[in-house]
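The structure under discussion appears below in the form of structure tokens.
The values are calculated or read from the model by the stated rules, or taken from the named source; none is laboratory data. Since the structure is predicted, the reported quantities are computational estimates derived from the model, not experimental observations. Glycine gets a Cβ as well: all are built from the backbone with ideal geometry, and neighbour counts include every protein chain shown.
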Amino acid sequence: MDTSFRSMYLGLSAFLSATQRRRDLLLGQRLPESDPSFDEKIATAPDDFSRIIMKARAVRDYFLLVGPPGTGKTSRALRGMVEAFYGEGKQVLLLSYTNRAVDEISKALAAITPEIDFIRIGSELSCDEAFRLHLMENVLEACSTRRQVQERIARCRVFVGTVATLSAKTELFRLKTFDVAIVDEATQILEPQLLGLLCARNPAGEDAIGKFILIGDHKQLPAVVLQSSVQSEVGDEALRAVGLYNLKDSLFERLYRNLLQKPGFALPFFDMLCRQGRMNVEVAAFPNRAFYGGLLQPVGLPHQQGELILSPELCDSEFAPLLTRRVAFLPSEAEPSVQSAKVNHSEARIVARLAEAVYRQYAGSSGFDASGTLGIITPYRSQIALIKKELAAMCVPALNDILVDTVERFQGSERDVIIYSFCVNRAYQLKFLANMTEENGVPIDRKLNVALTRARKQMFMTGVVSLLKLNPVYSELLKSMGYE
């Protein structure tokens with residue numbers, strides 16, 4: 001059996017043998033609890049992060065934090081929670097879905113002063129070199145006896161790793177009981193993947209994790225599941241009654257939906273970060289209005305406002321009118337019906353020429369960094385290969401080093417400039433292009449949301465207008481750029 005499937009089956013088994021209180025909580029048979037002594041401090045908190053950290057301290061069971069793009073959910077919110085819990089002498093377990101996110105958590109931990117002691121569980125191959133000294137095997141290298149190992153683990157109060165790694169090393173719970181587990185990227189993790197950890201018991205038979213905090217954004221890309229929504233739909237009425245509608249949904253989503261059904265009760269148990277420091281206000285305008293109800297506000301960083309100045313050498317460029325705009329769309333032509341629908345030569349040429357112009361624009365001003373200035377998103381491997389071929393033909397070595405990939409690979413990262421090639425040549429492709437969900441009757445395309453929120457300074461798109469208009473969300477996007 002595949003390791004990931006085995007882990008999920010073990011998670012379901014752990015749920016069956018979990019404490020009654022934890023099972024009742026996860027099944028919605030018991031409401032979460034909070035310490036009312038924090039209420040006044042929460043109400044008078046001076047800023048979002050102070051309020052959120054206070055709520056995280058107050059809850060006794062769980063807390064959900066919605067972290068839209070660029071709002072500092074890891075660098076500020078998670079770090080602040082760790083500092084607060086560490087200062088109270090708590091035992092803290094930090095989890096995420098990907099090793100890259102665990103690197104980001106490790107980076108946030110390393111920035112805390114005074115320095116805190118933390119152990120990372122994982123291998124050197126999947127760990128950034130800067131944090132390898134914190135790997136368990138390196139931390140325990142000086143221990144020569146079992147007692148020394150136990151004492152060293154007992155002394156450390158912060159452990160960090162991926163959900164998969166910790167799920168394979170549940171023997172840690174024989175040595176440690178954690179007061180709190182904080183799970184980043186929680187909307188990318190399926191319920192059975194988390195159950196083994198949240199339902200683990202210590203040698204005394206109690207919950208090995210006291211309370212848990214889930215951080216994520218259900219409006220960005222969910223867990224990757226091969227089955228369709230129809231195949232994974234839950235039909236059992238008893239399960240649907242506790243909010244389990246589809247097996248593709250994360251625990252975060254289910255608990256969040258359940259809380260929204262109790263608006264008067266829910267406030268202490270979830271919150272949302274609303275101040276974003278990534279996108280220029282014009283770049284953020286459409287996703288903010290279409291997906292976040294206009295709640296996102298700019299922090300006010302220099303790149304979030306002001307005008308762009310065209311590099312003098314680009315005055316005669318075909319893209320001169322676009323290079324000083326924050327958001328722009330370039331119409332393309334559909335591929336002939338005899339060609340593969342997964343490539344679009346018109347878009348590939350537009351992308352390559354525009355990328356070359358962006359290179360010249362930024363190289364002449366703030367400098368061009370292949371890993372930070374420009375990224376290109378497109379849905380198909382064939383189109384990725386074609387775009388790379390066209391970039392190579394530009395004879396600009398730096399363009400060969402930029403990331404050209406699917407939107408899934410861009411989640412969690414950012415660039416100054418993003419170019420999005422929709423590569424829709426047939427109407428049926430629109431279904432694949434989108435990843436739809438709904439909140440309060442508003443349709444939300446999670447793929448489009450992620451694509452549009454990767455850009456800090458400029459967002460360029462190219463596609464076939466007549467085809468994209470067939471999708472209501474894309475039609476609204478085009479209208480926002482003047483394509484009625």
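Computed values, structure above
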item	result
Pairs with Cβ under 7 Å, 6+ apart, first in the range 466-483 and touching a residue at least 12 places away in the same chain (Cβ under 8 Å) and hydrophobic (A, V, I, L, M, F, W, C), second exposed (fewer than 15 other Cβ atoms within 10 Å of the Cβ) and assigned to a loop (DSSP other than H, G, I, E, B)	L467/A427; L470/A427
Residue count, the range 192-239 (criterion: of a type outside the set (A, V, I, L, M, F, W, C), closer than 21 Å to L64 by Cα and either assigned to a helix (DSSP H, G or I) or outside the structural domain of D24 (by TED's automatic domain parsing) (or both))	3
Helices (runs of 4 or more DSSP H) contained entirely in the range 1-69, each with at least 3 residues that are hydroxyl-bearing (S, T, Y)	3-16
Matching residues in the range 111-131 - criterion: being within 16 Å of V158 (Cα to Cα) and surrounded by fewer than 15 Cβ atoms within 10 Å (Cβ to Cβ)	A111, T113, P114, E115, D117
Matching residues in the range 219-235 - criterion: being charged (D, E, K, R) and touching a residue at least 40 places away in the same chain (Cβ under 8 Å)	K219
Some residue of the range 344-359 being more than 15 Å from I419 (Cα to Cα) and either buried (at least 16 other Cβ atoms within 10 Å of the Cβ) or in contact (Cβ under 8 Å) with a residue 60 or more places away in the chain (or both)	no
Tabulated pairs, the range 380-406, first of a type in the set (D, E, K, R), second assigned to a helix (DSSP H, G or I) and surrounded by fewer than 17 Cβ atoms within 10 Å (Cβ to Cβ), C-beta under 8 angstrom, 6+ apart or interchain	K388/N400; E390/R349
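Residues checked against (1) farther than 16 Å from A285 by Cα; (2) buried (at least 20 other Cβ atoms within 10 Å of the Cβ):
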{"position": "M394", "(1), (2)": "yes, no"}
{"position": "I402", "(1), (2)": "yes, yes"}
{"position": "N425", "(1), (2)": "yes, yes"}
{"position": "Y428", "(1), (2)": "yes, no"}
{"position": "F432", "(1), (2)": "yes, no"}
{"position": "A455", "(1), (2)": "no, yes"}
{"position": "Q458", "(1), (2)": "no, yes"}
{"position": "P472", "(1), (2)": "yes, no"}
{"position": "K479", "(1), (2)": "no, no"}
